[in-house]
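Student: Take this structure, written in structure tokens, and hold onto it; I'll ask about it next.
The values are calculated or read from the model by the stated rules, or taken from the named source; none is laboratory data. Note that this is a predicted model, so its numbers are computed, not measured. Neighbour counts are summed over all protein chains in view; Cβ atoms, including those assigned to glycine, are modelled from backbone coordinates with ideal geometry. Keep in mind that these areas ignore ligands, DNA and RNA; they rest on the heavy atoms of the full protein, side chains included. Shrake-Rupley method; radii C 1.70, N 1.55, O 1.52, S 1.80 Å.
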Amino acid sequence: MPPLISFDIDATLEVGDPPGPVSVEMVGECKRLGYLIGSCSDRPVSYQRQLWERPEIAADFSVLKHRLADVRLEIHAEAYFHIGDTDLDDFFAGE
């Protein structure tokens, strides 16, 4: 079972508004290394899916931030990580 990484978008990913330090290339490398990857944001899920389509990264999930715990219930992984920039990210990652 591979590990899973969830990414916040704004101020985390370089394509966020504002841009963050995590490049699309870095996310793609995680995917190539076998990690399950996806996004967890306040942005609508449809927006999140379009975000992954642009750089042609096959995201394994896209959820609203308050639904992050559902990812753990729906996708089995070796370990779960969430990368974000706010206390809210920390709160939902701890759920």
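Student: Per residue of segment 7-14, what does 6.51 cos²θ - 1.76 cosθ + 1.60 with θ = phi - 60° give for ³J(HN,Hα)? Whole Hz please, x for Gly and Pro, Karplus curve as stated.
Tutor: Result, rounded to whole Hz: 10, 5, 9, 5, 6, 10, 8, 4.
Student: Now for a different question. Give me the Kirkwood hydrodynamic radius of segment 1-57, using the inverse of the mean 1/r over all pairs of distinct Cα atoms, in Å to one decimal. The partial results should precede the final answer.
Tutor: Working: mean 1/r = 0.0878 Å⁻¹.
So the Kirkwood estimate lands at 11.4 Å.
Student: Sticking with this one: Could you work out the relative contact order of the chain? I mean the mean sequence separation of Cα pairs under 8 Å and 6+ apart, divided by the number of residues, in percent.
Tutor: 35 percent
Student: Working only with C-alpha atoms, what are the Rg and Dmax values of the chain, expressed in angstrom?
Tutor: 11.9, 33
Student: On a 1.4 Å probe surface of the protein chains, which of M26, M1 comes out largest in accessible area, and what is the full order?
Tutor: Accessible-area ranking of M26, M1, largest first: M1, M26.
Student: Taking 7 Å along the Cα-to-C-beta vector as the label spot, tell me the F91-I75 distance in nanometres, rounded to one decimal.
Tutor: Between F91 and I75, the simple spin-label model gives 2.3 nm.
Student: Sticking with this structure for a sec: In square angstrom, what is the accessible area per residue of the chain with a 1.4 angstrom probe?
Tutor: Numbers: 5600 Å² over 95 residues.
Ligands and nucleic acids excluded, the result is 59 Å² per residue.
Student: In addition: With the full set of protein chains in place, find how many percent of the accessible area of the chain is carbon and sulfur; take the probe as 1.4 Å.
Tutor: Details: 2930 of 5600 Å².
Ligands and nucleic acids excluded, carbon and sulfur give 52 percent.
Student: Next question. Counting other Cβ atoms within 10 Å, which GluC sites (Glu not before Pro) in segment 1-30 have at most 16 and lie in a DSSP loop?
Tutor: On the way: sites: E14, E25, E29; in loops: E14.
Answer by residue number: E14.
Student: Next question, about the same structure. Dipole magnitude of the chain about its Cα centre, charges +1 at Lys/Arg Cβ and -1 at Asp/Glu Cβ only, in debye to the nearest 20?
Tutor: Approximately 300 debye in magnitude.
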